Amino acid sequence: MDISALQNARYSYKPKLPASLSGSIDDITLEYGSPTEALSDRDELRNIFKTTYGKPLVAFSGKKTEKKASLDFRRQLNAAVILSGGQAPGGHNVIAGLYDGLKKGNEKSTLYGLKGGPSGLTENRTVILTDDIINEYRNTGGFDIIGSGRTKIETPAQFAASLETAKKLNLDAVVIIGGDDSNTNAALLAEYFLANGSSTRVIGCPKTIDGDLKNEYIETSFGFDTACKTYSELIGNICRDANSAKKYWHFIKLMGRAASHIALECAFQTQPNVCLISEEVEEKSMSLDKIVEQICSSVAKRAENGENFGVVLVPEGLVEFIPEIKHLINELNDTIAADSEKPIHEKFSSLTKFSDQLEWFSRTLSMVSYGILKLLPEDIAQQFLMDRDPHGNVQVSRIETEKLLVGMVQKKLAVMKESGQYRGKFDHQTHFFGYEGRCAFPSNFDSDYCYSLGYSAFVLIASGLTGYISSVKNLTANADKWIAGGVPLTMMMNLEQRHGSKKPVIRKALVDLNGKPFKTFEEKRALWAEKTCFLFPGSIQYFGPAEVCDMPTVTLRLEHQ
Ligand code: FBP
């Protein structure tokens with residue numbers, strides 16, 4: 001097979017492990033904490049997770065002790081692994097770490113890859129992972145080793161089918177590598193298996209570039225590091241182009257669904273003129289007009305200094321946090337979606353012309369929402385109307401917020417020009433960075449972190465634990481000082497309203513406006529808005545000094561201060 005020189009070199013990279021996992025597996029011991037509680041709604045969650053609720057935290061240690069006699073890491077095991085949801089750099093290394101752990105324990109152990117996401121489990125689509133397969137994917141990006149999918153295991157039939165597959169393959173464990181929803185699924189599956197007398201254990205692993213699966217015990221989700229570094233390289237290149245040509249304002253939308261962690265981290269790495277944070281927009285109830293005013297203020301100030309160029313970062317989920325747009329989206333969801341069985345209202349779907357659709361909305365939406373819809377540029381308004389998921393919800397990632405903002409900034413600047421508040425020239429370019437970062441070669445941090453997560457998942461399985469998420473902490477220290485273990489999934493849960501009823505879910509971590517990262521950004525942004533302070537981080541370095549190659553994100557470092 002033809003491969004690139006970097007791919008070849010990455011095959012021989014040896015991921016670093018925490019000291020507790022890097023020695024002989026026979027020396028690994030488990031230290032248990034006290035029983036744990038869920039974040040809230042404890043009685044209801046205790047009732048839902050009757051057999052798996054409230055397990056203790058577990059930390060691994062690599063020191064020889066007397067206690068370890070009861071553990072047998074040399075047992076032959078059958079495990080299966082699932083990649084769930086959007087791609088995130090490092091997924092292949094989680095699988096490699098899990099595989100190596102299993103094989104180190106017992107050469108005869110088997111790791112099945114469940115193909116195409118969670119449906120691989122319900123439909124029993126498998127591949128037996130071998131040295132040849134694993135070696136082809138070590139330290140590489142992507143999820144192509146077994147594929148991924150967004151199927152949610154939620155119906156009784158899907159749970160029963162999962163159990164059937166577990167029985168057929170005689171599985172000791174299933175490892176689900178996914179985000180908050182997939183790990184919620186892992187918790188439900190662990191409970192279902194145990195409650196139905198199955199000995200198949202279920203372990204989760206924290207994945208998502210969005211960085212919103214984190215808490216006291218999960219310091220970051222894997223993939224966030226590499227994705228942010230990839231976007232920051234691109235943003236830094238654009239900053240340099242802007243500073244060279246001095247003729248464009250670049251509006252860059254960044255992936256991250258609801259949370260703005262990616263935008264915030266990229267802002268630290270590149271120091272753009274403006275970076276919007278959705279969580280702040282919501283907290284301060286900032287209207288669209290207010291946001292546009294904030295951007296125009298930077299444009300006008302920089303024009304005074306003769307700098308008619310700049311860079312604006314826009315988080316993907318912004319529109320959902322702007323009060324009036326959120327309201328519009330909710331009304332559209334209610335109006336267009338008849339119900340979940342029949343997602344699009346029949347009458348609406350028969351209207352093909354935008355003018356007819358607008359006329360329909362003049363009768364079905366509130367005056368305020370209709371007014372906003374009419375104010376939006378036609379192509380953007382159409383994205384609000386047409387891009388819907390199977391449940392009838394607007395898919396915000398497909399709304400070109402960056403273009404919407406450019407259009408509104410242009411209009412406001414024209415008004416400011418008339419009143420003499422602005423004397424510059426505004427030319428623009430728009431970009432959307434998302435898929436560019438999800439399958440990049442994992443940084444050394446993600447390569448090491450993911451391999452450790454996979455290896456730690458093996459230790460949890462071999463210890464017979466279920467309903468845990470693999471955890472590796474102390475991530476700003478050198479890898480040998482990382483602390484590996486497991487966190488009971490139920491302790492990260494609460495109940496939330498989903499599709500009309502309260503469901504157990506892992507709480508999503510949005511940007512904390514009182515946290516060190518946001519506070520640091522707040523201190524710096526006024527200067528960035530006016531002066532040119534761009535940073536140019538360049539591409540991810542894989543070989544070289546640790547301070548160039550192994551540094552974790554600024555967000556993680558600030559959170560650890
Ligand atoms: P996960 O939450 O599954 O990790 O996916 C994250 C993400 O990359 C978001 O940033 C983005 O909004 C979404 O996936 C895009 O999904 P798709 O790949 O289906 O277009």
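The values are calculated or read from the model by the stated rules, or taken from the named source; none is laboratory data. Bear in mind the structure is a predicted one, so any value in this text is a computation, not a measurement. Here the Cβ is made from the backbone with ideal geometry for all residues, glycine too, and neighbour counts use every protein chain on show. Only protein heavy atoms, including side chains, enter the accessible area calculation; ligands, DNA and RNA are left aside. Shrake-Rupley method; radii C 1.70, N 1.55, O 1.52, S 1.80 Å.
Here are a few things to note about the model shown:
- Computed from the Cα positions only, the extents of region 431-561 along the three principal axes stand at 55, 45, 31 Å, in decreasing order.
- With the simple model of a label 7 Å out from the Cα in the direction of the Cβ, residue 285 to residue 246 spans 4.4 nm.
- Rounded if a/c under 1.5, otherwise prolate or oblate - region 136-257, Cα gyration tensor axes: prolate
- Loop-located GluC sites (Glu not before Pro) in region 78-178 (DSSP state other than H, G, I, E, B) with a sparse environment of at most 14 neighbouring Cβ atoms within 10 Å: 107, 154.
- For the chain, the solvent-accessible area works out to 41 Å² per residue, with a probe of 1.4 Å and every protein chain left in place.
- The dipole here belongs to region 29-154: it is taken about the Cα centre, uses +1 on the Cβ of Lys and Arg and -1 on the Cβ of Asp and Glu, and is about 380 debye.
- About its Cα centre, the dipole of the chain is roughly 500 debye, where the only charges are +1 on Lys and Arg Cβ and -1 on Asp and Glu Cβ.
- Beta bridges by DSSP in region 247-358, antiparallel share as percent, to the nearest 5: 10 percent
- Of all beta bridges that DSSP places with both ends in the chain, some 40 percent have antiparallel geometry.
- Here region 100-151 is described by how far its Cα atoms reach on the three principal axes: 32, 23, 15 Å, from widest to narrowest.
- Between the listed residues 457, 517, 52, the Cα displaced farthest toward the positive end of the dipole of the chain, a dipole computed from Cβ unit charges relative to the Cα centre, is found at 457.
- From its DSSP helices (H runs of at least four residues, each -39,500 (n - 2.57)), the chain gives a residue-normalised ellipticity at 222 nm of -13000 deg cm²/dmol.
- Placed amide H near residue 250: partners under 5 Å, 5+ positions off or other chain: 310, 311, 312, 429
- For region 70-113 and region 198-241, distance of Cα centres in Å: 21 Å
- Applying both filters, DSSP loop and at most 13 other Cβ atoms within 10 Å, to the trypsin sites (Lys or Arg not before Pro) of region 367-471 gives 423, 425.
- On the basis of the beta-carbon distance and an R0 of 25 Å, residue 195 and residue 395 show a calculated FRET efficiency of 0.10.
- Here the accessible area is traced with a 1.4 Å probe on the protein chains. For region 39-129, carbon and sulfur cover 48 percent of it.
- Integer Hz, Karplus 6.51/-1.76/1.60 couplings in order for region 412-417, x for Gly and Pro: 5, 5, 4, 5, 4, 5
- Rg/Rg_ref, the chain, where Rg_ref = 2.2 N^0.38 Å and atoms are Cα: 1.02
- Among the trypsin sites (Lys or Arg not before Pro) in region 274-342, those placed in a DSSP loop whose Cβ has at most 15 other Cβ atoms within 10 Å are 284.
- Rounded to 0.05, the FRET efficiency of the residue 533 and residue 11 pair, given R0 = 30 Å and the Cβ-Cβ distance, is 0.15.
- Given charges at Cβ of Lys, Arg, Asp, Glu: the chain dipole, positive-most of 426, 179, 486: 486
- Atom-type composition of the exposed protein surface of region 413-460 places 52 percent of the accessible area on carbon and sulfur (1.4 angstrom probe).
- Its Cα centre serving as origin, region 34-105 has a Cβ charge dipole (Lys and Arg +1, Asp and Glu -1) of approximately 500 debye.
- Each listed q (0.31 Å⁻¹) maps to a log10 I(q)/I(0) for region 279-330 from the Debye sum over equal C-alpha point scatterers, namely -1.17.
- Given 481/516; 247/524; 253/519; 16/519; 16/524, the pairs whose alpha carbons are separated by over 28 Å: 16/519; 16/524
- Difference of contour (0.36 nm per residue) and Cα-Cα distance, residue 22 to residue 427: 140.3 nm
- To put it simply, the accessible area of region 219-267 at a 1.4 Å probe is 46 percent carbon and sulfur.
- Largest-first principal axis extents, alpha carbons of region 125-177, Å: 37, 24, 15
- Where Rh is the Kirkwood radius over Cα pairs, Rg/Rh for region 230-315: 0.97
- A Förster radius of 30 Å combined with the Cβ-Cβ distance from residue 216 to residue 334 puts the calculated FRET efficiency at roughly 0.20.
- For region 1-124, convex hull of alpha carbons as volume per residue, Å³: 193 Å³
- Three-way shape label, region 73-175, alpha-carbon gyration tensor, a/c 1.5: oblate
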